[in-house]
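Undergrad: Before we start, here is the structure in question, set down as structure tokens.
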Amino acid sequence: MNYHWDWGIFFKSTGIGQEIYLHWFITGLGWTVALSLSGWLIAMLLGTVLGVLRTLPQRSLSAIGTAYVNLFRNVPLLVQLFVWYFIVPDYLPEPIQTWFKQGLKPEISGFISVVACLGLFTAARVCEQVRTGIQALPRGQINAALALGLNPWKTYRHVLLPQAFRIIIPPLTSEFLNIFKNSSVASLIGLMDLLAQTKQTAEFTANLFEAFTLATLIYFTLNMSLMLMMRWLEKRVKVPGLISLGGK
Amino acid sequence: MKKSLLVSLAIASLFSTAQAAELTGTLKKIKESGTVVLGHRDSSIPFSYLADGSKPVGFSVDIANAIIDEVKKELGLPAIKVQYNLVTSQTRIPLVQNGTVDVECGSTTNNIERQQQVAFTNGFFKIGTRLLTKKTSGIKDFADLAGKNLVTTAGTTSERQIKKLNEEKKLGMNIISAKDHGESFLMLESGRAVAFMMDDVLLAGEMAKAKNPADWAIVGTPQSSEIYGCMVRKDDPAFKAVADRALVNFFKSGRVNASYTKWFQQPIPPKGLNMNFTMSEGLKALIAKPTDKSAEQM
Amino acid sequence: MIRFNKVNKWFGRDHHVLKNITLEVKQGEVVVVCGPSGSGKSTLIRTINQLEPVNDGVIIVDGITITDPKTNINKVREEVGFVFQHFNLYPHLTVLENITLAPIQVRKMEKAAAEQLGVELLERVGLLNKKDVYPAQLSGGQQQRVAIARGLAMRPKVMLFDEPTSALDPEMIGEVLKVMQDLAESGMTMVVVTHEMGFAREVSDRVIFLDHGEILEDAKPEDFFTNPQHERAKQFLRQILAPMHQ
């Protein structure tokens, strides 16, 4: 195959101001990380609340959690983003609608939509992990807490959740890595994440393989560091006698 | 007339048999396999797209057929089979390079970066980058866009040009890079951007698809022009010469006009849309004087 | 201190697990509940702090009618310590943290005061040197002694024991019974579900024999062991006191 290799393309000018192609990768990585971490924060908070709801004895409360999970887990992510970005704003009251569509910089309104989308989508997945973690605990743990007079909130806060989170660190790690991969939906609405910048570079330079090789390396390094971070966390909070789910 | 044709055919066949032993590259491959592989697109309307079934149609497909006919003539093999291979903007260059696809005719701009990787045949279309906007928007040209939101499709030349223009002229535009043309038009339609910058012919396509084509207008001085060509492997001058000749013949014979009318000025399948896109002066010039150079090299 | 009046409980529709239970436990009394497995004794003890709700009848603990739906059950649970067969210590907390969690969270004790209390209780059950280890690093007998200390940390008025030695290796049973005996001697009101007839004979004030959800015997230990009234009690005693099981 007569491919013209040129590893120097990353340092070539993009033709826009002083920019070189490497800058595109850096800003792309910046967006990917910012989107993923913000989305993860929402996913963890909301997912924990929903996961707890699903384990409550009150039918109506656990039904809320179940309905949420079914809705958000079964609709494809791209469709959800489309809804958050193109459809929901059209139903906002007039001044807010114009502000969201035209007053905000496109990157900001896009960022808000993608973070909401990623956060709400991943929350459904986190919810299921939290629920599994809580349900994996022996019934005696709840009884022991109740017998000592702890109310439900304190039972979850001090007894159930600290144990549940420890045992679900491995599946949560894979959800955490997934949100980074899923963040590439951002390009649908013109937010140039790492993958979009890579495609763009490939398109402009016609040096496809170099661009995707660099992207692969960046994604790999990112994933490895995230995994090592989670491993470290798992070790740090490890206590004797608690096993983790699907322990890898 | 009849006689001269017979003579020339005889000469041609003599020539080709004489040459057969020395065939190299793509021509050799086609002769041996009896198959030519055509790279096409799935939704580059009206250049190369799937209307119904798996066979692509469009203006670029007419060009491709002209090239294939020329190859048949060159090899003296009228029964060569055509195999269609769908490509995307990401896969089209590597698939030509690694030999999967022999010739790609879609809507690929000939530029210097790509010339590093592949060779281009004579150009078959010329576009200018312009703006699609609502008739009521008050936008007449690029200068009216200062401080406004503009959408363009990611990875296109328009994107690079507008970013450059924005930077140089300090227009303070917010530039949205949408994933594909349909997405870009949606941004425009939903009011997130006041104008959509793209190749004029693609804008005409989006306009034709709109609910109410009469609401929209294509405006603005073309920022640059680009020439579309077919891609073939680099360093295979024999095959490229056949393809280039095919284009010259296609232009000279006037078949290009019939084809243009069919795809750009009449209802086209599958939905009967009419692009209503008159032939530009740029394309007329290209047809009169074929070239395999990119627009920036001219 | 504890009073049952005509308490009934069903599991599902058909399984009548507690039948018309009427019973009183006075302050400072140590009552052993025994009976064959499936007799309802664990269910009985769990109704006292409402880990098992009942279907009808009245249960009064320390003057509070806990079967009244308006009663805040957590308030009653604070006064009633409960020791489980399987200890149910919190595996993610150290021994000392297991003991101080409820005093701090429920009684709103200062952390330092709770820890001081925890240290005293650990000393009492002979495990002060283990205060900073995790439950999984202790033997079963040690875990159960921590669980007793955890129950005592709420300064309860009543301690309930649900087969506290059944999950233990035989050599560890003694250390747990010793702690329970000390507790009984200190004047704690205790209800103990157990098969340890030695404990029943020497430490308890009364023995209650339960079979198929009914109280068949309610007697002083010397009467229960020497002169059981009911045929099924006699049979139960023959089996449990046989020196060797076949």
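Undergrad: Is there a simple number for the mean count of other chain Cβ atoms within 10 Å of the Cβ of residues in A:201-209, and what is it?
TA: Numbers: counts 1, 5, 11, 8, 4, 9, 4, 7, 4.
So the per-residue partner count for this stretch is 6.
Undergrad: How many Cβ atoms of partner chains, on average, are near each residue of C:151-161 if near means within 10 Å of its Cβ?
TA: Shielding by partners across C:151-161 averages 1.
Undergrad: Principal axis extents for region B:53-149, Cα atoms only, whole Å, descending order, please.
TA: 59, 29, 25
Undergrad: Hey, could you get me the Stokes-Einstein D for region C:1-132, Kirkwood radius over alpha-carbon pairs, 25 °C and 0.890 mPa s, rounded to whole µm² s⁻¹?
TA: 145 µm²/s
Undergrad: A further question follows. So for chain C, what percent of the C-alpha to C-alpha distances run longer than 21 Å?
TA: Values: 17567 of 30135 pairs.
Taking all Cα-Cα pairs of chain C, the fraction more than 21 Å apart is 58 percent.
Undergrad: Now, a different point. Where in chain C are the helices, taken as whole DSSP H runs, whose Cα atoms extend 30 angstrom or more along the long axis and whose Kyte-Doolittle mean reaches at least -1.0?
TA: Flagged H segments: there are none.
Undergrad: So for A:I16, C:I215, what's the accessible-area order with a 1.4 Å probe, most first?
TA: Numbers: A:I16 15, C:I215 50 Å².
Sorted descending by solvent-accessible area, the residues read C:I215, A:I16.
Undergrad: Once you put a point 7 Å from the Cα of A:F220 and another 7 Å from the Cα of B:T24, both along the Cβ direction, what distance in nm separates them?
TA: For A:F220 paired with B:T24, the spin-label model returns 3.7 nm.
Undergrad: Using a 1.4 angstrom probe on the protein heavy atoms only, line up B:D62, C:D132 by accessible area, largest first. Numbers along the way, then the final one.
TA: Numbers: B:D62 40, C:D132 100 Å².
The most accessible residue leads, giving C:D132, B:D62.
Undergrad: So, one more: Using every alpha carbon pair in chain B, what percent of pairs falls into each 10 Å bin from 0 up to the bin containing the largest distance?
TA: 6, 26, 32, 22, 9, 4, 1
Undergrad: How much accessible area does A:Y3 have with a 1.4 Å probe, in Å² rounded to the nearest 10?
TA: 30 Å²
Undergrad: Using a 1.4 Å probe on protein heavy atoms only, how many Å² of accessible area do A and C hide from each other, summed over both chains and rounded to 100?
TA: Interface area, both chains combined: 1900 Å², rounded to the nearest 100.
Undergrad: For chain A, count the residues as N, evaluate 2.2 N^0.38 Å, and divide the Cα radius of gyration by that value, please.
TA: Details: Rg = 21.9 Å, N = 248, 2.2 N^0.38 = 17.9 Å.
Ratio of Cα Rg to 2.2 N^0.38 Å: 1.22.
Undergrad: Based on DSSP, what percent of beta bridges with both residues in region B:128-226 are antiparallel, to the nearest 5? Please list the in-between numbers first.
TA: Details: 10 of 18 bridges.
Rounded to the nearest five, the antiparallel share is 55 percent.
Undergrad: Would you compute the Debye intensity of the protein assembly as shown from its alpha-carbon atoms alone, equal scatterers and no solvent, and pass along log10 I(q)/I(0) at q = 0.05, 0.11, 0.12 Å⁻¹ to two decimals?
TA: -0.49, -1.17, -1.32
Undergrad: Per-residue accessible area for C:E171 at 1.4 Å probe radius, Å² rounded to 10?
TA: Roll a 1.4 Å probe over it and C:E171 shows about 130 Å².
Undergrad: Roughly how much of C:F84 is accessible, in Å² to the nearest 10, using a 1.4 Å probe?
TA: Its accessible surface works out to 10 Å², give or take rounding.
Undergrad: Let me ask something else. Kirkwood Rh over alpha-carbon pairs of region C:151-222, then Stokes-Einstein at 4 °C and 1.567 mPa s: what D in µm² s⁻¹, rounded to an integer?
TA: Numbers: Rh = 13.2 Å.
Answer, rounded: 98 µm²/s.
Undergrad: Report the residue, chosen from B:N111, B:N149, B:N212, that carries the largest GNM mean-square fluctuation when chain B is represented by alpha-carbon nodes joined by springs under 10 Å.
TA: Greatest mean-square fluctuation among the candidates belongs to B:N212.
Undergrad: Moving on. Take the Cα pairs of region B:128-226, get the Kirkwood Rh, then feed it into Stokes-Einstein at 10 °C and 1.306 mPa s and tell me D in µm²/s.
TA: D = 123 µm²/s.
Undergrad: Taking a threshold of 26 Å on the Cα-Cα distance, which of the pairs B:K164/B:K284; A:K105/A:K199; B:K209/B:K240 fall above it?
TA: Beyond 26 Å between Cα atoms: B:K164/B:K284; B:K209/B:K240.
Undergrad: Also: How many angstrom lie between the C-alpha centres of region C:26-94 and region B:101-131?
TA: Between the Cα centre of region C:26-94 and that of region B:101-131, the gap is 83 Å.
Undergrad: Just by accessible area at a 1.4 angstrom probe, what is the order of A:S113, C:S37, B:S190, A:S13 from largest to smallest?
TA: Highest to lowest solvent-accessible surface, that is C:S37, A:S13, B:S190, A:S113.
Undergrad: May I ask which of B:K29/B:K293; B:K31/B:K72; B:K148/B:K169; C:K26/C:K157; B:K234/B:K293; A:K154/C:K130 have a Cα-Cα span longer than 18 Å here?
TA: Check vs 18 Å cut-off fails for B:K29/B:K293; A:K154/C:K130.
Undergrad: Rounded to the nearest 5, what is the percent of antiparallel bridges among the DSSP beta bridges in the protein assembly as shown?
TA: Bridges in the protein assembly as shown that DSSP calls antiparallel: roughly 55 percent.
Undergrad: Could you pull out which residues in region A:1-19 have an amide N less than 11 Å from a spot 7 Å beyond the Cα of A:T213, following the Cα-Cβ vector?
TA: A:4-9
Undergrad: Now, a different point. Skipping prolines and chain starts, which residues have an amide H placed within reach, meaning under 5 Å, of the one on C:V192, given they are 5 or more residues away or on another chain?
TA: Those lying under 5 Å, H to H, from C:V192 are C:V31, C:V32, C:V33, C:F161.
Undergrad: What whole number of Å gives the distance from the Cα centroid of region A:1-55 to the Cα centroid of region B:267-298?
TA: Taking the Cα centre of each part, region B:267-298 and region A:1-55 sit 38 Å apart.
Undergrad: Can you say what percent of the DSSP beta bridges in chain B, counting only those with both residues inside, are antiparallel? Round to 5. Could the numbers behind the result be given before it?
TA: Values: 23 of 39 bridges.
The answer is about 60 percent antiparallel.
The values are calculated or read from the model by the stated rules, or taken from the named source; none is laboratory data. All figures in this text were calculated on a predicted structure; none of them were measured in a lab. Neighbour counts are summed over all protein chains in view; Cβ atoms, including those assigned to glycine, are modelled from backbone coordinates with ideal geometry. Calculation scope for accessible area: heavy atoms of the full protein, side chains included, ligands and nucleic acids excluded. Shrake-Rupley method; radii C 1.70, N 1.55, O 1.52, S 1.80 Å.
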